[in-house]
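These notes concern the structure reproduced below.
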Ligand SMILES: C[S@@+](CC[C@H](N)C(=O)[O-])C[C@H]1O[C@@H](n2cnc3c(N)ncnc32)[C@H](O)[C@@H]1O
């Protein structure tokens with residue numbers, strides 16, 4: 001199994017070797033582009049989401065999302081991979097970290113709309129995967145989800161068939177691939193889509209755990225803040241004008257304006273709506289009902 005130095009060495013030739021395996025429809029990367037596109041399309045159902053990518057590598061998927069304006073956070077243990085990804089996403093929050101250790105504090109303090117991971121988690125065995133995924137579920141906003149694209153199989157039989165077809169010496173026995181039928185009972189809400197003969201996309205969303213822990217979900221019980229009810233403008237003299245349904249309702253200046261901007265930095269769309277709701281006080285007073293919806 002490759003360690004971070006191994007991935008450092010692979011980094012420069014990584015995209016090319018993935019493309020070759022993909023083009024030939026061979027294990028391990030058959031279906032790679034379709035896997036990434038499937039995840040990209042799932043994320044695009046939500047505007048301005050905040051995303052954490054585990055093992056982002058050269059940033060093939062996250063760069064596309066970054067260019068579309070999504071807020072990107074990521075962890076990877078290979079410095080070389082990070083360097084390549086940072087060239088493409090200068091403002092993304094990319095941390096060097098080994099995910100077999102505890103998550104960095106900086107990450108633990110955040111909430112994300114999506115936690116994604118492609119072709120990285122097969123370095124964990126099945127029980128490590130379940131433990132890690134449960135930790136990641138705690139990082140999700142209400143309605144958030146984990147989306148994993150990786151070498152994976154709907155059944156153990158499909159896994160064994162792929163291994164046999166690969167032939168002696170071509171299969172990596174040190175990696176642990178997802179087998180959906182063996183994982184599905186460990187999570188409340190889990191779906192799987194087989195994309196190629198050796199890859200698929202898993203979606204995990206455990207609403208039960210998260211809704212009780214997510215403060216914003218408790219406040220926004222009717223999901224009003226899923227829509228863009230609040231917007232704001234920053235004036236040249238650093239004043240903030242917050243509007244509710246297009247009507248200006250609050251002005252912040254001085255320290256309050258600075259604090260507001262700091263809170264908004266790296267917040268998800270839902271968190272931003274909540275911050276603006278709190279700043280105006282409108283939401284608490286129940287004015288959100290005012291438009292008859
Ligand atoms: C096969 S690459 C996948 C890269 C990218 N997600 C993609 O789909 O092309 C695996 C990535 O996971 C990272 N990785 C593997 N094990 C890791 C670990 N224990 N902690 C952090 N990153 C890890 C590697 O450095 C590498 O960048």
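The values are calculated or read from the model by the stated rules, or taken from the named source; none is laboratory data. Quantities reported herein were computed from a predicted structural model and do not represent experimental measurements. Cβ placement follows ideal geometry from the backbone for every residue including glycine, while neighbour counts extend to all protein chains displayed.
What to note about this one:
- Of all residues in region 166-193 being in contact (Cβ under 8 Å) with a residue 24 or more places away in the chain and out of contact with any helix residue (DSSP H, G or I) (no Cβ under 8 Å at 6 or more places or on another chain), the one that is farthest from residue 28 (Cα to Cα): 180
- Yes/no for residue 6 being farther than 21 Å from residue 146 by Cα, more than 10 Å from the ligand (Cβ to nearest atom) and not in a loop (DSSP other than H, G, I, E, B): no
- Hits in region 104-123 (condition: part of a loop (DSSP other than H, G, I, E, B), within 8 Å of the ligand (Cβ to nearest atom) and touching a helix residue (DSSP H, G or I) at 6+ places or on another chain (Cβ under 8 Å)): 119
- Put simply, of 175, 168, 164, 182 the only residue that is over 22 Å from the mean Cα position of the chain (by Cα), closer than 23 Å to residue 138 by Cα and not in a strand (DSSP E or B) is 182.
- Here 34, 67 are screened, and the one residue that is more than 12 Å from the chain's Cα centre (by Cα) and closer than 21 Å to residue 87 by Cβ is 67.
- Restricting region 35-46 to residues that are within 24 Å of residue 125 (Cα to Cα) and touching a helix residue (DSSP H, G or I) at 6+ places or on another chain (Cβ under 8 Å) leaves a set whose member that is farthest from the ligand (Cβ to nearest atom) is 39.
This table checks each residue for (1) modelled with pLDDT of 95 or more; (2) outside the structural domain of residue 196 (by TED's automatic domain parsing); (3) in contact with a strand residue (DSSP E or B) (Cβ under 7 Å, 6 or more places away or on another chain); (4) near the ligand (Cβ under 8 Å from one of its atoms).
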| position | (1), (2), (3), (4) |
| --- | --- |
| 20 | no, no, no, no |
| 33 | yes, no, no, no |
| 48 | no, no, no, no |
| 54 | yes, no, yes, yes |
| 77 | yes, no, yes, yes |
| 81 | yes, no, no, yes |
| 98 | yes, no, no, yes |
| 102 | no, no, no, no |
